[in-house]
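Below is one structure, written out as structure tokens; comments come after it.
Derivation of every value follows stated rules applied to the coordinates shown; laboratory data play no part. Given the structure is predicted, the values throughout are model-derived calculations rather than measurements. Here the Cβ positions follow ideal geometry from the backbone for every residue, glycine too, while neighbour counts run over all protein chains shown.
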Amino acid sequence: MSSFSTTGLEGDILKAIGEMGFETPTPIQEKTIPLLLDSEKDIIALAQTGTGKTAAFGLPAIQLTQINERFPQTLILCPTRELCLQITNDLANYSKYVKGLKVVAVYGGASAENQIRDIKKGAQIIVGTPGRTKDLMSRNRLPLNRVERVILDEADEMLTMGFKEELNAILAETPEHKQTLLFSATMSSEIKRISKKYMHDPIEVTVARVNLASENVTHQMYMVQARDRYEVLKRIADMNPNIYGIVFCRTRRETKEIAKKLMGDGYNADELHGDLSQSQRDEVMGRFRSGHLQLLIATDVAARGLDVNDLTHVINISLPDDPEVYVHRSGRTGRAGKSGISIAIINTRESRKINDIERKSGISFSKETAPTGKEICTKQLYSLIDKIVKVEVDDSQIEPFLPAIYEKLEALNREDLIKHFVSAEFNRFLMYYKNSKDIGTDSGSRKERPNRKERSNRSNTDFASVSINIGRNNDLNPARLIGVINESLRSRNSEIGRIDIQKGRTLFEIDAQLQSDVVNALKGIEFEGVKVMAKASEEKPSRSPKGEKRGGKRTRKSNFKGDSFGKWMKPNEVNFKGKKSHRKGRKNK
């Protein structure tokens, strides 16, 4: 099929989608649109995110709507508010020239009364999330007794998110003789159960392997130590000055932590997860869609319905357990004929997941090395110069200021002027990467650690005390404390002296030169749900805290490795050596 004009769609719809740049239908649209226009049979369509599903079911739904009838005729259910709004906006654009058609979105986090009022005005197409749809249905504010077709979009995701009960309740209230369309990326056992219970002899449409990756996406992996993941993420961003992408995390907590770190380090980033209010989510997504945000840190669920065609990168800070989820993530870049890069930042234990993804999706990862400081500085410098060369100069605006500018700069020759200008914009990268190490799977291994003599020489450190408001009542122990300090300072080289963990507070010694840094770094972080408060203290930790012998002799030396993402490690994840040490300080390695 060469164009939409042969699908059976009417002129008003063709005119609207033509103005939107739609010329040739995608495979799922090519197969589904004629079926829906010519048949009332139920359909199961297997298609992944980004294949044009909304138009595949939305265009026929618009054309089949009886405009003169002012009741819900089509019900579209989807998993998230974002996808609900995205589908509603798309249908509004498709029906631009269809007079009298009304589409209403119903979802949580917004006024139910406003949605009820819009439904009463004569909505023919309802797009809703399962929770709000069931709520309005239970309150007799959403009449579904005359619905002619029900469309389940991202049905697998709705079940994954726990909407099984809501879907059953909604489908049970709709007419038995209706058309049911089920769009899913996978044919799970629950999807099969729903199809058997609520569908009648459905036609199955599969346009391609569900887990087939886009040919426009290049797949890369960076294998590093777990503690270096965040540093590698930053280097990837620094190596790509014009990056515009999504960083996927596994949990809300991880999402918050990564976003907080990036924003704290001056990156143009923000977070998107289920703990945000609807207004906050709308604000974040509005800035991202408009290009005012370069990096969006998100969970899979929160990113549903976020369709942006110009993403340059998708970065996986944590790989999903399901290979198909990785493919769905990567499919958010490389759209509309453009190329994109999908990156996985992994450690050696995740090699199996990479192998599974490659085997099941047919893609191949190239193994990359984290950019060096020199490479990043070179790239940033040339990017800065290119930006300066391309900047538009408005002579009329700047001319009044030129005499004063010339006077201030007259002492500098051309070469010095260029050096000063570049340094003013570029010093941040030069300073940060001045003594940066190369990052690889062997970084931080024992062979890179100081030798015994060097470690012994460092034991003459001057210590200062720090007091924090958490202790044994918060399940704090020396290993977890060291992990918190590692994370806060983003370093494993700080030297820690005595640790005195009491019931409700803790005193510990730290290299005196780092006392203020530790106090500032610890303020505001959370440990076991408690906001940490830290302050410098003149009080010294007890000479005989739990786990040490009297007389100040250490009974153990921590080899604790702090996690780069602030996941406080549990005691059984810490390796202690049961050797006595007569050194002055506890080494944090």
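Side notes on the structure shown:
- Simple spin-label estimate for residue 204 and residue 242 in nanometres, 7 Å along Cα-Cβ: 4.5 nm
- In region 217-371, one over the average inverse separation of all distinct C-alpha pairs is 15.5 Å, which is the Kirkwood hydrodynamic radius.
- For region 313-359, the Cβ-based charge dipole about the Cα centre amounts to some 200 debye (Lys, Arg positive; Asp, Glu negative; other atoms uncharged).
- For region 59-86, the residues whose backbone nitrogen is under 18 Å from a point 7 Å from the Cα of residue 116, taken along Cα to Cβ, are 72.
- 13 Å beta-carbon shell around residue 217, net charge (K/R +1, D/E -1): +3
- Region 1-66 - Debye-derived log10 I(q)/I(0), Cα point model, q = 0.13, 0.19, 0.23, 0.29 Å⁻¹: -0.31, -0.69, -1.02, -1.55
- Rounded, prolate or oblate (a/c below 1.5 giving rounded, otherwise prolate when a/b exceeds b/c) for region 374-432 by Cα gyration tensor: oblate
- The H on the amide N of residue 151, modeled in the peptide plane, is under 5 Å from the matching H of 75, 76, 77, 181, each at least 5 residues off or on a different chain.
- Phi angles of region 266-271 translate, via the Karplus equation with coefficients 6.51, -1.76, 1.60 and θ = phi - 60°, into HN-Hα couplings of x, 8, 7, 9, 7, 10 Hz per residue; Gly and Pro are given as x.
- Think of region 1-115 as a dipole: +1 on every Lys or Arg Cβ, -1 on every Asp or Glu Cβ, centred on the Cα centre; then among 84, 68, 114, 114 lies furthest on the positive end.
- Assigned charges on the beta-carbon of Lys, Arg, Asp, Glu; region 217-371 dipole about Cα centre (debye): 180 debye
- Between region 367-413 and region 88-114, the alpha-carbon centres lie 47 Å apart.
- Relative to the current alpha-carbon distance between residue 526 and residue 381, full extension at 0.36 nm per residue lengthens the span by 48.4 nm.
- Loop-located GluC sites (Glu not before Pro) across region 87-187 with a Cβ neighbour count of 16 or fewer within 10 Å are 176, with loop assigned by DSSP.
- Placed amide H near residue 218: partners under 5 Å, 5+ positions off or other chain: 340, 341, 342
- Here the simple spin-label model places points 7 Å from the Cα toward Cβ, and for residue 300 and residue 251 these points are separated by 1.6 nm.
- Calculated FRET efficiency for the pair residue 97/residue 369, C-beta based, R₀ 45 Å, to 0.05: 0.25
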